[in-house]
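> Please find one structure pasted underneath; my questions will follow.
Just so you know, all these numbers are worked out from the coordinates, no wet-lab data involved. Keep in mind it's a predicted model, so treat the numbers as computed, not measured. Heads up, the Cβs are rebuilt from the backbone with ideal geometry, glycines too, and the neighbour counts pull from every protein chain shown.
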Amino acid sequence: CLSSVCCLSLYCVTKFKKDERNSQGVDEPLSATGFKQADAAGLFLSNVKFTHVFSSDLLRAKQTAATIIGKNKFCKDLEIKYDARLRERKYGVAEGRPLTDLKAMAKAAGEQCPAFTPSGGETLDEVRERAKDFFEFLCQLAVEVEQKEREMHGAASRSSGTSEEQSVFPWTNHCSQPGLSSDNGGASKILDANILVVSHGAYMRNWIGYFVSDLKCTLPANLTKSQLSSVSPNTGVSHFIINLQNGSRLEPEIRCVCLNQDSHLVDVGAECVAQKVF
């Protein structure tokens, strides 16, 4: 069972960003720059044929997901499913307050961001548990999709797939349909599911950390440690290939194709880098 998960990270490009408040869990709409970045991401991903789209149920994520799908050549009518498990980390009493307040709270507690948890906020472990739960849900979804495809069409028609429209990932020469090139001499594999996930920066950093530390995700050879721990730009794109051997959700093989891809933002305003406290 081979699946693709394309993750989009959102930061606080809302009206709160302009007065440097911690808006991560505040349900605010995108700013004008945020909409421009969503448009750019939509054009960037317009040739990717997604089978499923999931988004945080916070407004800025909903707006971003709708913008991206609205520009897609293959799946303009695809239903976007909203999931509270994709929400940004909760910051409790620090929510909506200046970022300097959060830093001051951490200093007073003898801790540093992002490890510090304000009163009423989520710990990093709690955020990771949410991310883990959602990822296990995606794995189950992919297994069910594969089983349904086999029942309907059989393995032979899935392996050929020559009549399907092709959709191209913009950061590689690989095609998601009808096959994805593998590393074994040009052989081709079918993606059972090609999933777009629209979430938030602090959440995605925890999710990627879970991939790397717990699931031993394979990273691009040229990826540096600083790049792995760096803050994603708003609408930064990360792409992962998930292989569930024999339909097993217990030991997924994960390969990171790209992390925090941001070439689509070259001609967009610079209001995209979050404060590095998260």
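> Holding the Cα-Cα limit at 25 Å, pick out from LYS90/LYS225; LYS62/LYS90; LYS132/LYS216; LYS36/LYS62 the pairs that are longer than that.
Details: LYS90/LYS225 27 Å; LYS62/LYS90 18 Å; LYS132/LYS216 14 Å; LYS36/LYS62 15 Å.
In this structure, LYS90/LYS225 lie more than 25 Å apart at Cα.
> Note the full-extension length gain between ALA109 and LEU59 as 0.36 nm times their separation in residues minus their Cα-Cα distance, in nm to one decimal.
Gain on stretching ALA109 to LEU59: 14.8 nm.
> Mind ranking 62-75, 104-117 by how tightly packed they are, going by the mean number of other C-beta atoms within 10 angstrom, highest first? Intermediate results must be reported in sequence, preceding the final value.
Values: 62-75: 19.9, 104-117: 14.6.
Answer by packing, highest mean first, reads 62-75, 104-117.
> If the cut-off is a Cα-Cα distance under 18 Å, which aspartates and glutamates reach LYS49, setting aside same-chain residues fewer than 8 apart in sequence?
The reachable aspartates and glutamates, counting only those whose Cα sits under 18 Å from LYS49, are ASP39, ASP77, GLU79, GLU146, GLU149, GLU164, GLU165, ASP192.
> Taking only Cα atoms of the stretch 116-157, what ratio of Rg to Rh do you get with Rh as the Kirkwood inverse-distance radius?
Rg divided by Rh gives 1.39.
> What span do the alpha-carbon atoms of the stretch 37-101 cover on each of the three principal axes, reported in whole Å from largest to smallest?
Projected onto the principal axes, the Cα atoms of the stretch 37-101 cover 45, 22, 13 Å.
> What are the extents of the Cα atoms of the stretch 96-138 along their three principal axes, listed from largest to smallest and rounded to whole Å?
Principal extents (largest minus smallest coordinate, Cα): 38, 21, 14 Å.
> Sort 251-261, 30-40 by packing, meaning the average of other beta carbons within 10 Å per residue, with the highest value first.
Values: 251-261: 18.0, 30-40: 21.0.
Per-residue Cβ counts within 10 Å, averaged per peptide and sorted highest first, yield 30-40, 251-261.
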